[in-house]
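One structure below.
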Amino acid sequence: MILKKLHFPFFVLLALFFVLQSCEKKEINIISKKSNIPEIDHLLDMGDKYFEHVKYDSAYYFYNKAKSLCDVKKDNTRIIYSLGRMSEIQQNQGDYFGSETTAIEALPFLNKAMNPSYENSLYNLLGVVYTKLFDYDNAIYYYNKGANLKIDEIGKLKMKHNIAVVYMAKKEYHKAIQILLPLTLKKEIINDPAPYSKALDNLGFSYFKVGNAKGIDYLNMALKIKIGMKDDWGMAASYLHLTQYYKQSNPKLAHDYARMAYKKATTVNNIDDRLEALASLIQNSLGNQSKIYSEKYIHINDSITKVRQKARNQFAKIKYDSKKEKEENQTLKTQKAITALELEKQKNRNLFLYFLILIGVLSTVFLYYFLKAINKKEKIQTSYDTETRIAKKLHDELANDVYQTLAFAETQDLSSSQNKETLLTNLDTIYSRTRNISKENSTIETGLNFVPGLKEMMSRYNTNAVNVLINDINSMNWNTLENNKKIIVYRVLQELLVNMKKHSQCSLVVISFKKIENKLQIDYSDNGLGSTFDKINSRNGLQNVENRILAINGTITFDTKPEKGFKTSFKIPI
């Protein structure tokens, strides 16, 4: 019946849970983000278009716009592509620190599921930018990471070539040669003129730097391939290397190569090579010509510094404006979502309040009937236990005496004074037993007469064969003990003494009372037969003792062995 009463409140709670879940889902749906893939891809196409036409500021804007619309949990490849292109633009414009920051921003979006070419591209960008920043150890670290990816062989060889270039920048030409020489023998490199000419050119320059005469042959071979390809960018690099080669041995030829390097670098707008060529021309020129080259160098250097600073500022502004716009849009979206949520919450508040009141009422009703049922059950059980105990005592202790007395009266001559005396004694014994049974099950006085009543109850177990000693019962302030605990103390001691009378066969019982901190401790011991714990657990009386003590958060211990007497100690909080 108790469980059945739980069903209705349970279903109400369940219904409330689903209602709240429904509200939560509505809130989530209100702020869910739609897919922007078509718009993002359009922006990336626009960025690529401007990138190809060397309109870096516009390209940077569209790449940054595409990245800001990407979902960081789903659009990893688009984010990496956008950031990689942005980093490359900053690198081309000389904003190396900005390029490094942008490339590193893309690293957390890498994962094993995507094509390794994305990862390789990022590592290559970082290798280049760290070389430009003279952080050669980091440059080599990222080039090696790129070379160790699962990419095609030509890609791995290009990364190794880049590592050789870093060693050249570090002036560790022997290490560069150890990488470049095997590269020039690889068919993948030989069959591709662009990387092959670069490897030959760098190998020739490295041989020149270590004093190996073979250097000029590799330099000339590289230049010949570049001229055949009409590679103006590559020819500028070759002319600069030849300028360095002939600087000491043939200054005039070095001057001519520097002039050709300047011309090619100007054609492709390679600012760094133009400045390097001008620096060589200044060193190899005299008089007015040297002055003209110096003025050009200063003018270009000042211009490129301004252009690069402007580019840095522009890139920073694009990022800032994009971030500001995104935050403003997000604020508007959030405000709109909050307004919608508030309206939705307003609709559900009253419903929630009604449910709350209903649950409160149902819980109160349920608790009332539950406690009432429990209390009724306990009363029935207690009544049953009392009736059972009284019936057993009447049968075991009183019925036999009454039967024997009746038999004596029927069979003996009651006119005899001796028989009369025996009959009266038997009747007095029956009366005493009846009174004891009545007192054992009568209401327990918990007021001022509690201690006298307790003493009287314990003293009834004093016989010619058993001596019950009571110690320090008056040392306790019994007024501080709650009434229900007094009753339990009374019943527990009564159960122990009944158990002693039935099973112990002892001659001495000692019951001691003491207060320890905020607990009442009562020690019971007798010198009877004792028992084992198995037998203790099988006795209903002692089981009742333990249950009563535990019911008021007390503790109890038993100490008994066969032929060693019986001891128990229990503590109850005051």
Beyond a 18 Å Cα-Cα separation, which of these cross-linked pairs lie in this structure: K145/K226; K198/K230; K132/K263; K175/K247; K160/K226; K170/K263? K145/K226; K132/K263; K175/K247; K160/K226; K170/K263
Could the peptides 459-469, 491-501, 78-88 be put in order, highest first, of the mean number of other beta-carbon atoms found within 10 Å of their residues? 78-88, 491-501, 459-469
Binned Cα-Cα distance frequencies in segment 33-190 - 5 Å width, integer %: 2, 10, 17, 18, 19, 15, 11, 6, 3, 1, 0, 0
Tally Lys/Arg at +1 and Asp/Glu at -1 over every other residue whose Cβ is under 12 Å from the Cβ of D217; what's the total? +1
Residue (of Q521, S531, W478) at the positive-pole extreme of segment 478-537, dipole from beta-carbon charges: W478
Take the Cβ-Cβ distance between N301 and H53 as r, set R0 to 30 Å, and report the resulting FRET efficiency rounded to the nearest 0.05. 0.70
With r defined as the distance between the Cβ atoms of M229 and A279 and R0 fixed at 41 Å, what FRET efficiency is calculated, to the nearest 0.05? 0.95
Testing the spin-label approximation: label points 7 Å from Cα along Cα→Cβ at N288 and T411. State their distance in nm. 16.6
Can you spot the aspartates and glutamates whose alpha carbon is less than 17 Å from K392's alpha carbon? Ignore those fewer than 8 places along the same chain. D401, E440, E495
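Only the coordinates and a few stated rules stand behind these numbers; no lab work does. Small disclaimer: the values here were computed from a predicted structure and weren't measured. Reconstructed Cβ throughout: ideal geometry from the backbone, glycine too, with neighbour counts over all protein chains shown.
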